[in-house]
1. Say we look at region 70-114 and pick out the residues that are surrounded by fewer than 24 Cβ atoms within 10 Å (Cβ to Cβ), β-branched (V, I, T) and under 19 Å from the mean Cα position of the chain (by Cα); which of these is nearest to V185 (Cα to Cα)?
2. Out of all the residues in region 140-168, which are in a loop (DSSP other than H, G, I, E, B) and of a type in the set (K, R)?
3. Kindly indicate which of V60, V23 is of a type outside the set (D, E), touching a Leu at 6+ places or on another chain (Cβ under 6 Å), farther than 22 Å from P149 by Cα and surrounded by 14 or more Cβ atoms within 10 Å (Cβ to Cβ).
4. Enumerate the pairs (first residue in region 204-227 and at negative phi and in contact (Cβ under 8 Å) with a residue 24 or more places away in the chain; second residue anywhere and basic (K, R) and crowded, with 23+ Cβ neighbours inside 10 Å) with beta-carbon separation below 6 Å, excluding pairs fewer than 6 apart on the same chain, so at least 6 apart or on different chains.
5. Output the qualifying pairs, or none if there are none: Cβ atoms under 8 angstrom, residues six or more apart or on different chains, first residue in region 120-136 and closer than 14 Å to A160 by Cβ, second residue modelled with pLDDT under 90 and of a type in the set (D, E, K, R).
6. Please return the ranges of helices (runs of 4 or more DSSP H) entirely within region 169-281 where 2 or more residues are among the aliphatic types (A, V, I, L, M).
7. Which condition number in (1) in a loop (DSSP other than H, G, I, E, B); (2) under 24 Å from the mean Cα position of the chain (by Cα) is the one that D137 fails?
Amino acid sequence: MELITTTEDLARFCAQAQAAPYVTVDTEFLRERTYYAKLCLLQMALPGPEGPETGPAVLVDPLAKGLSLEPFYELLRDTSTVKVLHAARQDLEIFLIEGRSLPKPLFDTQIAAMVCGFGDQIGYETLVRKLTRGSVDKSSRFTDWSRRPLTDAQLGYALADVTHLRVIYEKLAARLEETGRASWVAEELATLDDPATYITQPADAWKRVKTRNDSGRFLAIVRELAEFREAHAQSNNVPRSRVFKDDALLELASLKPQTPDDLGRTRLLLREARKGEIAQGILDAVARGMTCPPENFPKPENGRENLQVNPALADLLRVLLKAKSDATGVAAKLIASASDLDALAAGVRDVPALSGWRAAVFGDDALSLCNGEVGLAVRGERVEVMAVPR
């Protein structure tokens, strides 16, 4: 087990990785006390000449004094080596924020496993068991990765996140090649390849706040409060909840405080938020929301919460989705979400299920079902699509 603590040793390994067909990558990080994740450990492994499990594997300590991760980010940008990760989104956010780099080309084994019939958002440990017949020691899962020195148990746990991944990658890549579904995975990875996926613009932060109140004035205040909270959290690198939580935000939007004394009457606002910079930011945000002209009121995205859903059609679409999922072995949630089915049953046509590989698997038949051109028939244990006589 090699623990890299110098830039020179990291550059040496990354040069070796650039000559390999792929490198498996994982990270350990902390995020409980900051807005941006703090990278605490980086793991990498390469395939060997006598099989994937025979190659070298290393741990990199980003907290080591004087170590630069630039050789690693150069590896991410090198398009000759596939970068393999499992459930990569949070790892990629770290790479983009800290190194301004996203891995190209990328292979996410969780997405590939969903396409290959392993169910919805399958965990790494399950894939290890099913594809390598190995196991992962979970005893170090909940640990403070920023503390030094790390124990042998912690290092062994971290290293296992990339060593088993080599076999998993090769087996999933082979299945995708056999089934002709590699392009399906590539479509799914397009979102992960987009830097906009990882950047929350403060002006859009209100869209993440769940509320049943669709009053324009109320939503205008929610928008201003959420924008202030996001900007403050980003600039001070603190979690949103440390500024104020969603329930406090909604309470503020309802109470519409105008003075510091008004803030003191809230039930859910943290004591620290009732004074100083945060308190003033809240009052200014409420004031902006209160003076927002009606034509600038925010509108819920797509307005789907008010859709007139045909419940019978929605039920039929769910039956069709399950039948298609069973027939193809592709996770149902990857093909279409519950909200997408409701949208289709309400006449909406700008849903992901109607484009790309999803259209061939499910969307084309779903649209025909919505248009009354086909029906569903039960043949033994199977559900089949049949044309409706004209």
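The values are calculated or read from the model by the stated rules, or taken from the named source; none is laboratory data. Since this is a predicted model, take the numbers as computed values, not measurements. With ideal geometry, Cβ positions are generated from the backbone for all residues, glycine too; neighbour counts draw on all protein chains shown.
1. Among them, the one singled out is I94.
2. Those that are in a loop (DSSP other than H, G, I, E, B) and of a type in the set (K, R): R141, R147, R148.
3. Details: V60 fails: farther than 22 Å from P149 by Cα.
Of the residues listed, the single one that is of a type outside the set (D, E), touching a Leu at 6+ places or on another chain (Cβ under 6 Å), farther than 22 Å from P149 by Cα and surrounded by 14 or more Cβ atoms within 10 Å (Cβ to Cβ) is V23.
4. As it stands, the answer is W206/R223, since those pairs meet every condition given.
5. So the pair list comes out as E125/K138.
6. Numbers: elements: 182-192, 216-236, 240-243, 246-255, 260-263.
Result: 182-192, 216-236, 246-255.
7. So D137 meets the others, but not (2).
Quick grid of which residues meet (1) touching a strand residue (DSSP E or B) at 6+ places or on another chain (Cβ under 7 Å); (2) modelled with pLDDT of 95 or more; (3) closer than 21 Å to A17 by Cα; (4) not assigned by TED's automatic domain parsing to the domain that holds Y36:
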| residue | (1), (2), (3), (4) |
| --- | --- |
| G99 | no, yes, yes, no |
| A113 | no, yes, no, no |
| T132 | no, no, no, no |
| A153 | no, no, no, no |
